[in-house]
Amino acid sequence: MADPATYRPGPGEVPDAPGVYRFADDHGRVVYVGKAKSLRSRLASYFGDLSGLHPRTQQMVTTAASVQWTVVGTEVEALALEYSWIKEFDPRFNVKYRDDKSYPYLAVTLDEEVPRVQVMRGARRKGTRYFGPYAHAWAIRETVDLLLRVFPVRTCSSGVYRRAGSSGRACLLGYIDKCSAPCVGRVSADEHRALAEDFCDFMAGSTAKFTRRLTAQMEQAAAELDFERAARLRDDLAAMAKATERNAVVLPDGTDADVFALVGDELEAAVAVFHVRDGRIRGERGWVVEKVEDIDDAALVQRLLSQVYGGDAPAGVPREVLVPVLPTDADQVMAWLTQRSAQSAKVAVRVPQRGDKRELAQRVAANAEHALALHRTRRAGDLTTRSQALRELAEALDLDNAPLRIECYDVSHNQGTYQSASMVVFEDGLPRKAEYRLFNVRGPDGDGAADDTAAMHEVIFRRFKRYLAGRDGDETPETGEVVEPADPKARRFAYPPNLVVVDGGPPQVAAAAAAMDELGVADVALIGLAKRLEEVWLPDEEFPLVLPRASQGLYLLQRVRDEAHRFAIAAHRKRRSKGMTASVLDDVPGLGPARRQALLDAFGSVRRLRQATVDEVAAVPTIGPHTAHAVVQAFHPGEE
């Protein structure tokens, strides 16, 4: 526990200007980020009497070992910089908004030459337009199925699309007129892109122009006595109407707004939002908030708006944002949102007082209350179990504190070839996948390690050597103005674990212990978990530690070990696949890196390429008949 007086800035060092500050621990890891109208007065509030601080603030300032700041020109700039730092450093003492579930979006990949409509989750991609989020993936599929009658846009995967183009035969959707089949040339790429853009306009709320267009075409077909075409257009109109009716009108004036609600207590809260476009609910979303800092509802709303609109918000920034309470520095928040609005129109943030908007806000609040009740029901057992597991491990391994950060290592290879090792990280009993790492085992001569123990020694040595280099070679000044943050990739091994777990028994544990001893790392606990009897081995111990089968601590170790095993095998298989391709195709005359990559893109895997005929290989662009014959011969030598 650090004494805040040891890193308190000197008198006159902190400017009386707006800016953003960050506290970091003794490993240089940022633990808190904040902004202030006056850096001097805000930072001074952290270095007073500890007993007068909120308990969470006390914990933060005693965990930190340094404080830094950056002066900005305006409070709007401070808001933007605070968001970017929170996103970059993921500080443990800042409020964390976590989605209460993984929401699916309807996505249109406009960055592709032939755009595709699909259900998509996870991180947003540039060049892709999103609609939603939806509560269920089946709701997206039903909507898309209805609209493909009117907008027959491609929905197939890249592999299906390529195979259809190679064979010259459209898939089932092409035959039943639910795809315009650009793969076989029924429409050009430009015509298909126009269809995709019309689909996006319809999903964005511009429905009237398509209804008018189809109605006019239907009437014209009827006047020309083309009743079959008129009937098809009538059914298309019905499909559009059905897709539109799925979202009832909630604001009759056609308002574009995002409506937020916040329900919670001192420790946690649930947030819900309805995305309303053209008066209809186009998507909904929820978050669970852990109040790891002393913060009121106004500040929570400000952090919420920063997170929702700080990145590439799929639903965009609407003209109106309805919130339960006005955020801190509401004028600056509105100015920042106006800058991020695609239409550059003034964005209003207000609390609804009466009428339809008030009723809708109450409905959103009811959703937030339900989400919080469900979260508490699920999390009660989860929190208890994880806390029990960490406590049991601390007691069994005789650790001073619970191992909040656990790293596990595993080595995977195929008879000594393509040796790969994994490092997985669990914090507070949960996987932290952003900090997983992979190692290509090199060995002393670059051809790999002699055996598993040598590989484990190399991996542990490399990991902690990087940690020591980052700790000793990138000193953080105790106070002063920040220039630019260090490269995150350069510091990705800069945080030591409380516990290292290796997959294996005494030999692997001895190899890992030797590597740590060579580097002088003595403050990190080390164990091995043997698969056969799930025994826990400690360094220099003759007998293993056997945890009870029903132990939550043993279950956590098994989860960590199995995750490391899965990650290592996946990396090994990827290396092996690339290596086999290179070894087989490297000697094919006329086949350079670009053509090799074209073959893998066309067939998707080495196994499929191995099964391909000469004609199928020759159908790949840039691969001629002579080269195709050489490729097939490389996989099947001696066959004709």
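The values are calculated or read from the model by the stated rules, or taken from the named source; none is laboratory data. Bear in mind the structure is a predicted one, so any value in this text is a computation, not a measurement. Note that each Cβ is placed from the backbone with ideal geometry, even for glycine, and that neighbours are counted across all protein chains shown. The protein model used for the area step is the full one, side chains on, heavy atoms only, and it has no ligands, DNA or RNA in it. Shrake-Rupley method; radii C 1.70, N 1.55, O 1.52, S 1.80 Å.
Of P496, P548, P539, all but one fail to be closer than 27 Å to F89 by Cβ and part of a loop (DSSP other than H, G, I, E, B); the exception is P496. Scanning region 518-536 for residues that are surrounded by fewer than 19 Cβ atoms within 10 Å (Cβ to Cβ) and assigned to a loop (DSSP other than H, G, I, E, B) yields G520, A522, D523, V524, K531, R532, L533, E534.
Apart from one condition, A515 fits all of (1) in contact with a strand residue (DSSP E or B) (Cβ under 9 Å, 6 or more places away or on another chain); (2) crowded, with 19+ Cβ neighbours inside 10 Å; (3) modelled with pLDDT of 85 or more; the exception is (1).
The set of residues from region 320-360 being open to solvent by 20 Å² or more (accessible area, probe 1.4 Å), part of a helix (DSSP H, G or I) and over 17 Å from A80 (Cα atoms) comprises G355, D356, K357, R358, E359. Out of the residues in region 188-213 meeting the condition of being touching a Leu at 6+ places or on another chain (Cβ under 9 Å) and surrounded by fewer than 18 Cβ atoms within 10 Å (Cβ to Cβ), tell me which one is modelled with the lowest pLDDT. Ranking the qualifying residues of region 188-213, first place goes to T211. Mind checking which pairs have a first residue in region 194-208 that is touching a residue at least 60 places away in the same chain (Cβ under 8 Å) and under 14 Å from E112 (Cβ atoms) and a second that is charged (D, E, K, R) and buried (at least 17 other Cβ atoms within 10 Å of the Cβ), Cβ under 6 Å, 6 or more apart or different chains? Taking only residues 6 or more apart or on different chains, the pairs are C200/R129.
Could you check, for region 34-56, whether at least one of its residues is under 25 Å from the mean Cα position of the chain (by Cα), within 23 Å of L262 (Cβ to Cβ) and buried (at least 17 other Cβ atoms within 10 Å of the Cβ)? So far as region 34-56 goes, yes, one or more of its residues are under 25 Å from the mean Cα position of the chain (by Cα), within 23 Å of L262 (Cβ to Cβ) and buried (at least 17 other Cβ atoms within 10 Å of the Cβ).
Which of the residues that make up region 388-397 are open to solvent by 10 Å² or more (accessible area, probe 1.4 Å) and under 12 Å from L499 (Cα atoms)? If you could, list the steps in order and put the result at the bottom.
Taking region 388-397 first, the residues open to solvent by 10 Å² or more (accessible area, probe 1.4 Å) are 388, 390-392, 394-397.
Of everything in region 388-397, those that are open to solvent by 10 Å² or more (accessible area, probe 1.4 Å) and under 12 Å from L499 (Cα atoms) turn out to be L390, A394, L397.
On inspection, T109 fails the criterion of being closer than 30 Å to N367 by Cα, crowded, with 17+ Cβ neighbours inside 10 Å and without any contact (Cβ under 8 Å) to a residue 24 or more places away in the chain. For region 367-380, the criterion of being crowded, with 17+ Cβ neighbours inside 10 Å and at pLDDT 85 or above is satisfied by at least one residue. Tell me, which residue of region 256-284 that is under 18 Å from Y105 (Cβ atoms) and touching a Phe, Trp or Tyr at 6+ places or on another chain (Cβ under 6 Å) is modelled with the highest pLDDT? Among residues in region 256-284 that are under 18 Å from Y105 (Cβ atoms) and touching a Phe, Trp or Tyr at 6+ places or on another chain (Cβ under 6 Å), the one modelled with the highest pLDDT is V273. Taking every residue in region 553-578 that is at pLDDT 90 or above and surrounded by fewer than 18 Cβ atoms within 10 Å (Cβ to Cβ) and pairing it with any residue that is charged (D, E, K, R) and in a helix (DSSP H, G or I), at least 6 positions away or on another chain, yields no pair with a Cβ-Cβ distance below 6 Å.
Every residue, every condition in (1) part of a helix (DSSP H, G or I); (2) within 29 Å of T613 (Cα to Cα), yes or no:
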| site | (1), (2) |
| --- | --- |
| S166 | yes, yes |
| A170 | no, yes |
| L173 | yes, yes |
| C183 | yes, yes |
| A196 | yes, no |
| D201 | yes, no |
| F210 | yes, no |
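On the given criteria, is M240 outside any strand (DSSP E or B) and at pLDDT below 80? So M240 fits the description; yes. The residues on offer are A434, A469, A396, A455, and the sole one that is modelled with pLDDT of 80 or more, closer than 28 Å to V67 by Cβ and of a type in the set (G, A, S) is A434.
For region 93-119, enumerate the residues that are of a type in the set (D, E, K, R) and modelled with pLDDT under 80.
Matches in region 93-119: K96, R98, D99, D100, K101.
Considering only residues in region 214-225 that are on the phi < 0 side of the Ramachandran plot and loosely packed, with under 14 Cβ neighbours inside 10 Å, the one that is nearest to the chain's Cα centre (by Cα) turns out to be T215. If the condition is being of a type in the set (D, E, K, R), surrounded by fewer than 20 Cβ atoms within 10 Å (Cβ to Cβ) and under 24 Å from L79 (Cβ atoms), then region 14-28 contributes only D16. Restricting A598, A630, A612, A594 to those that are modelled with pLDDT of 75 or more, farther than 21 Å from V459 by Cα, touching a helix residue (DSSP H, G or I) at 6+ places or on another chain (Cβ under 8 Å) and of a type outside the set (D, E, K, R) reduces the list to A612.
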